[in-house]
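For reference, the structure discussed in these notes is given below.
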Amino acid sequence: MARNIPRQNNEKREKSPVSRQLNFSWSGLKASEQMKLAFGVFFMLFAIFMFFAFASHLFTGNADQSEVEAALKVPLEESGKKTVNFFGIFGAMLADLMMLRLFGWASFLLIPIIFLGGFKITFHRELLPLERITWQALFYMFWLSTFFGFFVFMTDTSSSLSSFCGGIGYHINELLYNAIGWASILVILFVLFLFVVFYYKVNSLDAMVEMFDRNINGSEDSADETIEEDLENTPNMKRAREDLEQAKQNLDSEFEDDLTIEREDNDDLANIRPLIPPVVQHEPETEENHKADPVPNKGPVSLTIEPVISDDTVADGKDNEIFGEDDQENLNDEVLRKFGAYDPNMDLPHYKFPTLDLLKNYDANKAQVSEDELKANSDKIVETLRNYSIGIASIKATIGPTVTLYEIIPEAGVRISKIKNLEDDIALSLAALGIRIIAPIPGKGTIGIEVPNKNREMVPVKMVIGSEKFQKSNYDLPIVLGKTISNDIFMTDLAKMPHLLMAGATGQGKSVGLNMILTSLIYRKHPATLKFVLVDPKKVELTLFNKLERHFLAMLPDSAEAIITDTKKVVHTLNSLCIEMDNRYNLLKDAGCRNLKEYNVKFVNRRLNPEKGHAFMPYIVLVIDELADLMMTAGKEVEQPIARLAQLARAIGIHLVVATQRPSVNVITGTIKANFPARLSFKVTSKIDSRTILDTGGAEQLVGLGDMLLSNGSDIIRLQCAFVDTPEVEDVCEFIGNQQGYDSAYLLPEFEGDSEGGNEKSDFDPSSRDAFFDEAARLIVTHQQGSTSLIQRRLKLGYNRAGRLIDQLEAAGIVGPFEGSKAREVLVKDMESLEMKLRNL
Ligand SMILES: Nc1ncnc2c1ncn2[C@@H]1O[C@H](COP(=O)(O)OP(=O)(O)OP(=O)(O)O)[C@@H](O)[C@H]1O
């Protein structure tokens, strides 16, 4: 699955004030970057300077001491003396201060802090973990100074050995000795003990011995494993390590023949250590690393305990025996604690949701239903019913935006079906179109008669989107459609629907309805969590949304346009979505989740390993604006994937909204209909059409302009669709399009249609391959293991870059395609063939 990486959306920038602001801050940023570079290099040089000055002091300290003292009183030139420190009087003074007056030999420990700090500022990355080293170095500097001070003080050798412990170590011992005599050494050692216990989180003396043992034997790798050290030392980790050792021994004897445990670095621990890519290491934003990435970037922390085992064993699930689920859980907890939850929005951290002021105010257009109109209508209803000998106990009117609902309670003993049959007679007596009788109103003991208002109220989009109900809803895919006939705002959750079929004769408000759906979603969802696949065979309706390409749209990798208008492309896209669906199902299965929501929660909580293909999954909403056209031109080719998606895709977060002008049976076939429980109809031309879409009449009675019926399985409700105008949609899209977006649209899996004689992977451009391409290829072929983590660890690259490399290796035919939890197959078997291949690229 391809994933997106954010990139500055460069076009358009120049013109808008937003862009000017951005340019301004860019230049500010550059200036401070230069300062940082200057400081960084300065600190590194200064650390080197200190090292030589201190080292020189070891030999020249005594000789320089008097010169330094003299220089403090009289300028050195005047005194006529000369220093012998490598770095002159300044070197001598600095060394004198640090070594003689402050910390003694332990002053050397200050140097790595300054050097590593300078390195971090210069290269934007850490050579070694700075924070850890700083704390440790500072502690040991004080402690060693005091420890050495004890001996200098006790042996009274301060005149010759004072630079051994420095002034601080000496004076602390002086104070301690005056207070407790010889016992001062016990205090000094106890301070060390406390530091070890609390800093290294040691719980028992055994563990401490083990820790020292390990440090002395030097089995830890240094640089990229220091973060892991913390984990290694936790009791959970130790237990896990022991379990693993035990399991490995059992396995060695049981599966000797079919199990190969590859030991990297000839180090047992290398195979069991948790692999933690340097997540916090954000690669600087360059054009190069802004290419679409197959894996989620930055956020995911990979956490695996992975003995490298042959694929067969993995398939057998024997790896679970090696490393128990509990241990994995414990490790996941540790990583969660250390790195926090994964934030899916982190790629677009400054994304601003569209604001309400982008939508128009249409005030003072309240439904004007006068008292007279109400009274006249209710009188007519009562009279008509009385003519048919139906007595009414009470009548009450609720004024809605388009229709007024008259709720009547008939007298006892009246048969409801009798009233239902009088629909036409009531319409005739009221001289009104669009009367609908609901007998009874579900959930109420009344009968409803909907009578269209003479003056209808338009429902502005701002009113519904700005409503508290919508803004505060916690639906997964909230859609606000408009208002009910009792004037309530109507909203629903597309994720629960889970697909929507829409019909309506031309000009009745279908396009406005689709725009409402898309606008609602855009107002509430972050681009990281939702993608649209827009199919618009009419080529005009959805083009407005083009500007959202790098935020909300998904498309096929080889497409020029994100909005699909060509029938052949539609077929490819639908099939590609089916592949995406299958991929997602595989990942869900692997993760042991039943649906997308559970899966994403698990991923966010660092329970799923990105190295095994897991990634945060956005919802995908497929919108087809005119199904009739597609069914006429491609028939079964579109019907089948649509039906398949509608049947299966709900659990993995793919939802369909399919609209058509012609709700005839050859467009809305039985297969399609059966899988779309939610159906929405604007006014249609005939009762037959209404039956096709809603399974009942009524839609032909609607009064147009967004008057609609929504059927969700059993009930049908009448709604007035809110009105969102084209310029409003344009403004919203522009607002989003002008913000920083991803590098490209969300890429759907490639579908190789049979029609085009597919020259696969022709998009691989050897000239733009990564600088590490050849090295990565050699590594993969040597190890015969197509794993991103291998590249990442061995070449010390970020996860994104390693992911891109593996994609390029796939495109070049060196490794096979992604195979879920298994490592990719290596297609080139020996170095000779590889070298030949590399030469020919
Ligand atoms: N909810 C609404 N409230 C008020 N007016 C509406 C509403 N929906 C549609 N209209 C009016 O009806 C016109 C036609 O609507 P729309 O373009 O959505 O129709 P359509 O069904 O998509 O037609 P077509 O299929 O021909 O594109 C709109 O330009 C607008 O003036």
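Every number here is computed from the coordinates shown, using simple stated rules; none is lab data. Here the structure is a predicted model, which is why all the values come from computation and not from measurement. Cβ sites come from the backbone with ideal geometry, for glycine too, and all protein chains shown count toward neighbours.
Data table
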quantity	calculated
Fewest-first ranking of SER681, SER107, SER417, using other Cβ atoms within 10 Å as the exposure measure	SER417, SER107, SER681
Relative packing of peptides 577-583, 537-543, 351-357 - highest average C-beta neighbours within 10 Å first	577-583, 537-543, 351-357
Footprinting exposure proxy for CYS733, CYS165 (fewest neighbouring C-beta atoms within 10 Å first)	CYS733, CYS165
Distance violations [Cα-Cα > 32 Å] among LYS597/LYS796; LYS444/LYS683; LYS472/LYS547; LYS201/LYS472	LYS597/LYS796; LYS201/LYS472
Cut-off under 5 Å, modelled amide H: who pairs with ARG662 long-range	ALA628
Taking ARG125, ARG718, ARG386 and counting other C-beta atoms within 10 Å, the order from fewest to most	ARG386, ARG125, ARG718
Relative contact order %, segment 766-840, counting alpha carbon pairs below 8 Å whose residues are six or more apart	34 percent
